[in-house]
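The values are calculated or read from the model by the stated rules, or taken from the named source; none is laboratory data. Please read all numbers here as calculations on a predicted model, not as lab measurements. Here the Cβ positions follow ideal geometry from the backbone for every residue, glycine too, while neighbour counts run over all protein chains shown. These accessible areas exclude ligands, DNA and RNA; they are computed on the full protein's heavy atoms, side chains included. Shrake-Rupley method; radii C 1.70, N 1.55, O 1.52, S 1.80 Å.
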Amino acid sequence: MALTQTSAGPQRPATRPEPVRTPRKRREGGAGYWLYLLPGAILFVLVIGVPLGGTLYLSLTKWSGVGDPTFIGFDNYTRLFQDEVFWTSFKNTIAMIVAMVVVPTLLGLLLAAVLFDVIGRRFKPRTAAALRAAFYLPQVLPVVVAGIVWGWILRPDGAFNSLLDVIGLGALRHDWLGDPDTALPTVMAVMIWVQIGYPVVVFMAALQRVDPELYEAAEVDGANWFHRFRSITLPQIRPETFVVALTCTIAALKVFGPVFALTRGGPENATNVPSYFAYYTFFKKLQVGYGSAISTVLTLIIIVVAGLFIWLQYRGERQDREV
Amino acid sequence: MAVTLVTDRAPRRKVRDRHHRGASRWVVLALVTLGAVIMLVPFLFMLLNAFKSPGDYSSAGPLSWPTEFYTKGLKTYWTEVNFPLKFWNSLLISGSVAVLAVAVSLFNAYALGIGRVKGRLWIVGLFLLANMMPQEALIYPLYYAAKQIGLYNTQLSVIIIFTVIQSAFGTYLLASVLGTFPRSVLEAAALDGAGKWTVLRRVVFPNVRPTLAVLLIFFFIWTWNEFLIPLVMLIDNSTQTIPVALASLQGDRLMDAPTTNAGALISLVPAVLFFIIFQRTLSRGITAGAEK
């Protein structure tokens, strides 16, 4: 959104067509300001630009981290596309997108609307705020620490299985994270728990700027809660929905900490994800070239996905203007 | 919306609707509260077992009420990992990053949003992209370079890296905020003979201070919770952060279930405290962040 805001700049002269002002403004945007960009630019090149270039180069080599890298062309990439673990890890990324984007966004929309509309209005706003805090709490904690607590809860002798015993479902006792069949769904459930608070908080804030008169008018027309949710709430908070979907998707593609804490990608790669796969290849298998290839592919995917999102958003905004 | 529907039917509908909701609102409240309780249950499990002796845990299981108020697990974790030192490392890293990244963001955004330097759209796009980059795409060269120049296993290496990563987001956000800064104010200051530095310090900075405060808190908490880069860069007991310290003890002989929970509890307390202290600013900031 900010991108489109700054792009409003060139349109300015059209609305204020005084020819005297334009040359002075051009002079203002001169060399002096570059100085302020300098420290940031140098840091940026050293910490992001050069390492990124390094990873790109290393992805074309075979290297254990000691001695000199051997250039091998695209061998790492051909190996990558035949590597079953690689495909598994990307398949698991889809699962992560479901658990970190799709479910939290949908559930978050519903929860935010309910908290704002029903709890906030028909009960005290403080009740809504307290409930919101409960949903948001996991978001402020170090996700790795939360992951370690969950890892213990889900152990065969952990609290979850004991809870099943107490409520008479002892037959369902299971090694939730240790069984390849249940590990991924279990990690997904934990990720929903981690992620849900973010959309709830953003959407509740977004709802505050929706004109209440829209709802009152709809209510007078006899629209029920669900109608109002669909016809007013959803279209009104679309910009926020977009931001949430984009940031959560990027987070899902990059997810590392929870997988590290819960399963270390296991059992049998059932919960492996690209970023853990890359980490493991770098620092445990010491295959720096191959790890770089994994990271490069992940980076490209993220760039494509982010570009797609921004393009969709831009197109949506343009269509809105035309309507 | 068909706002001009027949209005004489409306009152009757409205009454029925409200009556209907009057009863069902309690059902809604119960459901949402149930959801909130499920969110909090893991913390209750953790609290329950952080104060339980290992013997008590192995005989009565994870759900029993502790027979005594056992604090040795907490003490063990506190002394074994030297928690105050870990706390200091986390504080030093997150605090430095927050301040430095806000400063770098402000300088960048001043040039981009107010200076409107050439190609700013591309530069802002680049910063945004850098913020989305997976850290794995940077980590090995950074790790290697840090080893070469003697910054490996120092807090400084992590501070520099996160200053850049966080300021990439800060630049993106602040550039768009400053892009809407009233030109008339800037022109008035320029007429008074204020240079660029004076304008930044006396005009722009006081105006965006609330946004900077929000960014400061975000950067602090984000850096506090970071994991991969500290995990790779900090291998030593004397440099590690709180999350890395807990994670690297996972599976250790020392970490029986009550000690694990005690360690997790200690590790979570600072984050919860920050959250409570900053909650007002945070919820305002999330709104600002979402709308920008």
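With a 1.4 Å probe and every protein chain kept in, tell me what percent of the accessible surface of region A:93-271 is carbon plus sulfur. Result for region A:93-271: 64 percent of the exposed heavy-atom area is carbon or sulfur. Sorted largest first by accessible area at a 1.4 angstrom probe radius, with every protein chain in place, the residues B:Asp56, A:Asp179 fall in the order A:Asp179, B:Asp56. Normalised by residue count, region B:81-248 yields a Cα convex hull volume of 121 Å³ per residue. The overall shape of region A:101-216, judged from the alpha-carbon gyration tensor, is prolate: a/c is not under 1.5, and a/b is greater than b/c.
Peptide B:31-41 shows a mean partner chain C-beta count of 5 within 10 Å per residue C-beta.
When all protein chains stay in place and ligands, DNA and RNA are ignored, the 1.4 Å accessible-area order of B:Ser58, B:Ser176, largest first, is B:Ser58, B:Ser176. Using a probe of 1.4 angstrom and keeping all protein chains present, the accessible surface of the protein assembly as shown works out to 46 square angstrom per residue. Per-residue surface analysis assigns A:Asp165 an accessible area of about 70 Å², computed on protein heavy atoms at 1.4 Å probe radius. Which value, in Å² rounded to 10, gives the accessible area of A:Trp87 with a 1.4 Å probe and all protein chains present? That residue has around 130 Å² of solvent-accessible surface. Averaged over peptide A:264-270, the number of partner chain Cβ atoms lying within 10 Å of each residue's Cβ comes to 0. Kindly identify chain A as rounded, prolate or oblate by the Cα gyration tensor criterion: order the square roots of the eigenvalues as a ≥ b ≥ c, call it rounded if a/c is under 1.5, otherwise compare a/b with b/c, prolate if a/b is larger, else oblate. It is oblate, given that a/c is not under 1.5 and a/b is not larger than b/c. Gain on full extension, evaluated as 0.36 nm per residue between B:Ser184 and B:Ala60 minus their Cα-Cα distance, stands at 37.5 nm.
Once C-alpha pairs closer than 8 Å and six or more residues apart are averaged by separation and normalised to the residue number of chain B, the relative contact order reads 30 percent.
Would you please give the FRET efficiency between A:Asp165 and A:Leu106, computed as 1/(1 + (r/R0)^6) with r the Cβ-Cβ distance and R0 = 41 Å, to the nearest 0.05?
0.80
Legend: distances between Cα atoms for A:Lys254/A:Lys284; B:Lys72/B:Lys147; A:Lys285/B:Lys52; pairs beyond 31 Å are B:Lys72/B:Lys147; A:Lys285/B:Lys52. Let a ≥ b ≥ c be the square roots of the eigenvalues of the Cα gyration tensor of the protein assembly as shown; is it rounded (a/c under 1.5), or, if not, prolate (a/b larger than b/c) or oblate? Cα axes put the protein assembly as shown in the oblate bin. Across region B:81-248, the mean sequence separation of Cα contacts (distance under 8 Å, 6 or more residues apart), normalised by length, yields a relative contact order of 46 percent. Computed packing ranks the peptides B:130-136, B:167-173, A:168-174, A:232-238 as B:167-173, B:130-136, A:232-238, A:168-174, most packed first, by mean other Cβ atoms within 10 Å. Among B:Phe87, B:Phe274, A:Phe81, A:Phe71, the order of accessible area from largest down is A:Phe71, A:Phe81, B:Phe87, B:Phe274, computed with a 1.4 Å probe on protein heavy atoms. Interface between chains B and A: roughly 9400 Å² of accessible area buried, both sides summed (probe 1.4 Å, protein heavy atoms only).
Filter the GluC sites (Glu not before Pro) in region A:208-278 down to the DSSP loop ones having no more than 16 other Cβ atoms within 10 Å, then list what survives.
Answer by residue number: A:Glu268.
Comparing the full protein assembly with the isolated chain, the residues of region B:102-133 losing at least 50 square angstrom of accessible surface (1.4 Å probe) are B:Val117, B:Leu121, B:Met132, B:Met133.
In chain B, helices alone account for a calculated mean residue ellipticity at 222 nm of -24500 deg cm²/dmol, with every DSSP H run of four or more residues adding -39,500 (n - 2.57). Per-residue surface analysis assigns B:Lys196 an accessible area of about 80 Å², computed on protein heavy atoms at 1.4 Å probe radius. Note: relative contact order over chain A, using C-alpha pairs below 8 Å and six or more positions apart, is 27 percent.
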